[in-house]
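Participant: Please see the structure below; I have some questions.
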Amino acid sequence: MPDSENPATTVTFPPAFLWGAATSAYQIEGAVREDGRTPSIWDTFSHTPGKTVGGDHGDIAVDHYHRYRDDVALMAELGLGAYRFSMSWSRVQPTGRGPAVQKGLDFYRRLVDELLAKNIKPAITLYHWDLPQELEDAGGWPERDTAYRFAEYAQIAGEALGDRVEQWITLNEPWCSAFLGYASGVHAPGRTDPAASLRAAHHLNLAHGLGASALRSVMPARNTVAVSLNSSVVRPLSQDPADLEAVRRIDDLANGVFHGPMLHGAYPQSLYVATAGLTDWGFVLDGDLELINQPLDALGLNYYTPSLVSAADVSAKAPRADGHGASDHSPWPAADDVAFHQTPGDRTEMGWTIDPTGLHELIMRYTREAPGLPLYITENGAAYDDKIDSDGRVHDPERVAYLHGHLSAVRRAIADGADVRGYYLWSLMDNFEWAYGYGKRFGAVYVDYATLERTPKTSARWYGRAARTGTLPEVEAV
């Protein structure tokens, strides 16, 4: 029986395997008006009535900006070896243009120094969805200039922190930025223009390539540059040729639109054909694909649940069960004739099916897609309805089982020849979960949103033991 199916199996990881946790700036920092920071699209979106559950926003979030030392101490207590966080573009380069604000950079300098003092490796993500609002007002990601502004920001960040931070990630989940932000509108900036979403996808790709070059121009050669993709594991409802064609269509939009140019220097030809009714792709200029196709030092994979699709009657008006929020507008341009289905099995509070086999499948795909390229799982985790018990503890055995299953799938992939170098749990602590507000708890550390007190959950202690020993404790050992 595979490790991912047998909780009692002892699973040992390579000695150099990196055990980390991840967060993003807008979800945890707060302090949105301090030290020169200007609004991002998520400040605007979350303060727009009806856009987030309960009208929640990140003005305070979990106040990491002021509590970072305590948070780093907690990471060290848990035994984490790495911490992946994002920088707020609006905090570093207000309005997305011009010189850096040193007070903003100083926050990240202090955070990095604190991490290094505790022997925790920092990994910086430059962009986790929080575009400066003034750049959105100028057109946002559908405009080519935004990619060049990103390259300037990347150079600023690399110059300031490249001497101490070795692991860099240009973009986190550009699929969400492009298609949830500009097609379905469930994420900031909340636009619903499918043609604009395809332009946004290309300019995010261009930003990655330009940003990677900018980083390398100012950093030591030892530093690594990666990107984090939420590549989908897309499965057919049946083996009917129409369902298999639906898989290819969604795979192009979920995966090929990014890994095609990033890894291979070309978009899938089938993507051009499928979206010809929306755009002629004239925004792809000569030389763009070469700029995007920068050599990567590693690839980050974010995984939560697989997708199940089939061909559909375009006139049918059934709810779209793709797990990406409710909207009358689809995040899948030119794919209205594809139906999404709820996959069978237990689900998290997000309604996402728990399926570690999908993570193994994803890792092995990119082992074939980009042979020789080291992989990191840069996000994986689950939301549950966690509560503090009468004993003051937060027991979350469901999350422990989730982590055991998915980490076992990672180890099985390593045994099958995949070069997976590390795993970043999403998330270090409960936080602002985008349009879901504070109602979905992904953290290994519980946050009381009234007092902001942190309480490590059972899963945090379990994961800490795994990080310290390189071996997965039994699920029952909590």
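The values are calculated or read from the model by the stated rules, or taken from the named source; none is laboratory data. Quick caveat: nothing in here was measured; it's all calculated off a predicted structure. Cβ placement follows ideal geometry from the backbone for every residue including glycine, while neighbour counts extend to all protein chains displayed. The accessibility values were calculated without ligands, DNA or RNA, using every heavy atom of the protein model including side chains. Shrake-Rupley method; radii C 1.70, N 1.55, O 1.52, S 1.80 Å.
Participant: Are any residues in the stretch 341-386 in contact with a strand residue (DSSP E or B) (Cβ under 8 Å, 6 or more places away or on another chain), open to solvent by 20 Å² or more (accessible area, probe 1.4 Å) and more than 27 Å from residue 23 (Cα to Cα), and if so, which ones? Walk me through how you get there before you give the answer.
Facilitator: Restricting attention to the stretch 341-386, the residues satisfying the condition of being in contact with a strand residue (DSSP E or B) (Cβ under 8 Å, 6 or more places away or on another chain) are 341-349, 353-354, 359, 362-363, 366-367, 370, 373-381, 383-386.
Still in the running and open to solvent by 20 Å² or more (accessible area, probe 1.4 Å): 341-342, 344-347, 349, 354, 367, 373, 376, 384-385.
Scanning the stretch 341-386 gives 341, 342, 344, 345.
Participant: A further question on this structure: Which count do you get for residues in the stretch 79-107 that are within 19 Å of residue 29 (Cα to Cα), hydrophobic (A, V, I, L, M, F, W, C) and either assigned to a loop (DSSP other than H, G, I, E, B) or in contact with a Gly (Cβ under 9 Å, 6 or more places away or on another chain) (or both)?
Facilitator: As a first pass, look at the stretch 79-107 and keep what is within 19 Å of residue 29 (Cα to Cα): 82-96, 100-107.
Still in the running and hydrophobic (A, V, I, L, M, F, W, C): 82, 85, 87, 89, 92, 100-101, 105, 107.
So of that shortlist, the ones also either assigned to a loop (DSSP other than H, G, I, E, B) or in contact with a Gly (Cβ under 9 Å, 6 or more places away or on another chain) (or both) come out as 82, 87, 89, 92, 100-101.
Number of matching residues: 6.
Participant: Which ones in the stretch 387-439 are surrounded by fewer than 22 Cβ atoms within 10 Å (Cβ to Cβ), closer than 28 Å to residue 26 by Cβ and of a type in the set (Asp, Glu)?
Facilitator: Within the stretch 387-439, 398, 433 qualify.
Participant: Condition first: open to solvent by 20 Å² or more (accessible area, probe 1.4 Å) and over 19 Å from residue 31 (Cα atoms). Now tell me which residues in the stretch 115-133 satisfy that.
Facilitator: The answer is 116, 117, 118, 119, 121.
To keep it simple, each residue is scored yes or no on (1) among the β-branched types (Val, Ile, Thr); (2) part of a helix (DSSP H, G or I); (3) touching a Pro at 6+ places or on another chain (Cβ under 8 Å); (4) open to solvent by 10 Å² or more (accessible area, probe 1.4 Å).
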position	(1), (2), (3), (4)
158	no, yes, no, no
163	no, no, yes, yes
169	yes, no, no, yes
178	no, yes, no, no
181	no, yes, yes, no
184	no, no, yes, no
191	no, no, no, yes
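Participant: Which of the residues belonging to the stretch 264-283 are touching a residue at least 60 places away in the same chain (Cβ under 8 Å), surrounded by 20 or more Cβ atoms within 10 Å (Cβ to Cβ) and among the aliphatic types (A, V, I, L, M)? If you could, list the steps in order and put the result at the bottom.
Facilitator: Step one: filter the stretch 264-283 for residues touching a residue at least 60 places away in the same chain (Cβ under 8 Å), giving 274-275, 278-279, 281, 283.
Checking the rest, the ones that are also surrounded by 20 or more Cβ atoms within 10 Å (Cβ to Cβ) come to 275.
Within the stretch 264-283, no residue meets the criteria.
Participant: Which fully enclosed strands (runs of 3 or more DSSP E) of the stretch 306-411 have 3 or more residues being of a type outside the set (S, T, N, Q) and under 20 Å from residue 236 (Cβ atoms)? Explain how you work it out, then say what you get.
Facilitator: Numbers: elements: 307-311, 338-341, 375-380.
Per the criteria, 307-311, 338-341.
Participant: Identify, by number, the condition in (1) among the β-branched types (Val, Ile, Thr); (2) at pLDDT 95 or above; (3) over 19 Å from residue 66 (Cβ atoms); (4) touching a helix residue (DSSP H, G or I) at 6+ places or on another chain (Cβ under 8 Å) that residue 469 doesn't meet.
Facilitator: If we test residue 469 against (1) among the β-branched types (Val, Ile, Thr); (2) at pLDDT 95 or above; (3) over 19 Å from residue 66 (Cβ atoms); (4) touching a helix residue (DSSP H, G or I) at 6+ places or on another chain (Cβ under 8 Å), just (4) comes out false.
Participant: Output the residue which, of all residues in the stretch 308-327 that are modelled with pLDDT under 95 and not small (Gly, Ala, Ser), is nearest to residue 253 (Cα to Cα).
Facilitator: Per the criteria, the residue is 322.
Participant: Then there is this: Out of all the residues in the stretch 40-57, is one or more acidic (Asp, Glu), open to solvent by 20 Å² or more (accessible area, probe 1.4 Å) and assigned to a helix (DSSP H, G or I)? Talk me through it step by step, then tell me what you get.
Facilitator: Looking only at the stretch 40-57, we keep the residues that are acidic (Asp, Glu), and these are 43, 56.
Subsequent filtering for residues that are open to solvent by 20 Å² or more (accessible area, probe 1.4 Å) retains 56.
With assigned to a helix (DSSP H, G or I) added as a condition, the list becomes none.
Within the stretch 40-57, none of the residues are acidic (Asp, Glu), open to solvent by 20 Å² or more (accessible area, probe 1.4 Å) and assigned to a helix (DSSP H, G or I).
Participant: Collect the residues in the stretch 286-312 that are without any contact (Cβ under 8 Å) to a residue 12 or more places away in the chain and over 30 Å from residue 18 (Cα atoms), keeping them in residue-number order. If you could, list the steps in order and put the result at the bottom.
Facilitator: From the stretch 286-312, those without any contact (Cβ under 8 Å) to a residue 12 or more places away in the chain are 286-287, 295; that's our starting set.
Correct list: 286, 287.
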